[in-house]
1. Return the long-range amide H neighbours of residue 218 (sequence gap of 5 or more, or a different chain), with a cut-off of under 5 Å between placed amide H atoms.
2. Taking springs between alpha-carbon atoms closer than 10 angstrom, which of 98, 184, 151 fluctuates most in the Gaussian network model of the chain?
3. May I ask for the net charge around residue 136, where only other residues with Cβ less than 12 Å from the Cβ of residue 136 are counted and Lys, Arg are +1 while Asp, Glu are -1?
4. Can you check what the Kirkwood hydrodynamic radius comes to for the chain, Cα pairs only, in Å to one decimal?
5. For the chain, what is the mean residue ellipticity at 222 nm derived from helices alone (per DSSP H run of n ≥ 4: -39500 (n - 2.57); sum divided by total residues; nearest 500 deg cm²/dmol)?
6. Mind checking the angle between helix 280-308 and the chain's longest principal axis? C-alpha axes, 0 to 90 degrees, to the nearest 10.
7. What's the carbon and sulfur percent of the chain's accessible surface, probe 1.4 angstrom, rounded to a whole number?
8. Of the peptides 368-375, 347-354, how do they stack up when ordered by the mean number of other Cβ atoms within 10 Å, highest first?
Amino acid sequence: MGIPRNDTDQEFARWIDECAAKIDTTATDTAPSAEPGRVDRALLLRLGEVGLLPALFPGTADDGPLREAPATRLCLLREHLARTDTHAETALALQGLGTYPLLQSGTERQRRRWVPEAASGRAVAAFALTEPDAGSDAAALGLRAEPFGDGWRLHGEKTWISNAPDADFYTVFARTTPGTRSRGVTAFCVPGDRPGLTGSPLEMLSPHALGHLVFDGVEVGPEDVVGVPDQGFTVAMRTLDLFRPSVGAFAVGMADAALAAAKEHTDRRSAFGGPLRGLQTVAHTLAEMATRTEAARLLVYSAAAEYDSGGPDVTLRAAMAKLFATETAQYVVDAAVQLHGARALHRGHLLEHLYREVRAPRIYEGASEIQRQIIARHM
Ligand SMILES: Cc1cc2nc3c(=O)[nH]c(=O)nc-3n(C[C@H](O)[C@H](O)[C@H](O)COP(=O)(O)OP(=O)(O)OC[C@H]3O[C@@H](n4cnc5c(N)ncnc54)[C@H](O)[C@@H]3O)c2cc1C
């Protein structure tokens with residue numbers, strides 16, 4: 001199955017599959033070389049070497065201008081990697097999420113300093129928006145940027161931040177004007193070794209590199225501002241408009257992997273005198289899984305096409321794609337577990353792994369309820 005694609009996209013998708021085969025982890029979480037919950041630097045370097053990370057950052061491999069990858073390409077990268085290796089997929093995506101604010105809104109100096117390093121896998125990036133008291137309501141964020149000299153000092157906390165506390169640089173969203181919600185937020189590029197910045201890892205259901213950060217008077221100057229002071233919320237939303245459909249692509253890749261496993265298993269497994277797939281209820285479940293996965297894929301690539309063509313409905317379509325694809329993947333993975341029976345819950349089974357991986361995307365980068373709110377607002 002798959003949406004009609006032009007030759008270049010098909011060739012790119014084949015190239016991703018070839019590169020993915022060279023990455024030395026499996027779709028289980030037993031293989032990664034880092035401790036669970038910590039950044040896997042060896043994997044990031046490998047993603048850089050085989051060319052997958054540079055594909056996310058055009059201009060780094062060919063010395064051309066540093067620029068965004070087309071949304072369609074970002075989605076192809078995430079969907080195809082997710083089918084075979086969610087660990088590699090997530091490592092790649094988080095480099096993008098942490099670095100794109102600089103690529104889209106940063107200064108030439110910030111881009112030159114960090115983008116090639118992130119593309120090679122040598123520097124680890126992170127996007128730090130969420131706080132203990134500001135999650136879904138991100139405009140309520142309270143990490144204080146207090147004026148100091150010609151810059152600021154940052155005081156406060158960020159939490160549930162992917163790649164923290166190991167990242168080499170963070171795009172941090174801080175409150176420069178109190179009481180103004182989204183209008184008084186500034187984005188800063190903060191190197192991970194700045195004095196006053198500390199953090200600790202958080203252990204999650206799936207081994208996602210993630211942590212908590214404490215800012216105790218971290219100094220930042222005008223050269224660290226990403227975009228324009230007090231307009232950092234626009235920086236965050238610009239990145240999320242691009243990355244939300246790609247979370248959908250990640251979900252579609254996982255759904256595809258679960259569906260393939262369910263088809264294979266129900267062909268092989270014999271019960272009541274024939275293969276499980278011969279039972280109408282099983283065949284209809286597979287049909288439903290396939291149909292919903294394809295519908296999710298269509299929404300994802302429609303949102304990506306809207307972004308690439310500069311269309312007026314980027315935010316609306318991105319929200320629809322993320323909502324539908326992540327909810328669909330949850331259904332498909334759960335149905336695949338059911339069709340496998342007990343073996344799917346055995347530690348180390350592909351579906352046991354996917355069952356844990358598929359849950360978080362319905363919460364991060366805006367929970368499903370927030371996507372519905374965005375859709376209702378933009379209809
Ligand atoms: C694996 C993982 C990785 C993450 N990575 C990052 C990262 O790199 N950077 C970063 O900044 N953050 C990151 N996050 C944080 C994530 O973005 C937040 O968890 C998310 O925005 C939700 O915030 P919250 O957890 O505080 O939930 P809350 O805001 O407390 O919401 C809890 C629930 O309340 C409901 N709800 C909230 N608001 C509404 C509403 N308006 N209408 C209806 N229902 C509502 C929803 O069901 C929601 O799930 C990550 C989270 C996870 C799990």
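The values are calculated or read from the model by the stated rules, or taken from the named source; none is laboratory data. Keep in mind that this is a model prediction, so the values were computed, not measured. In this analysis, Cβ positions are derived from the backbone assuming ideal geometry, glycine residues included, and neighbour counts consider all displayed protein chains. Keep in mind that these areas ignore ligands, DNA and RNA; they rest on the heavy atoms of the full protein, side chains included. Shrake-Rupley method; radii C 1.70, N 1.55, O 1.52, S 1.80 Å.
1. Counting only residues 5 or more places away or on other chains, the set is 154.
2. Highest fluctuation of the listed residues: 151.
3. -4
4. Hydrodynamic radius (Kirkwood, Cα only) of the chain equals 21.2 Å.
5. For the chain, the value works out to -17000 deg cm²/dmol.
6. Approximately 30 degrees, to the nearest ten.
7. About 52 percent, which is the carbon plus sulfur part of the accessible surface.
8. Packing order, densest peptide first, comes out as 347-354, 368-375.
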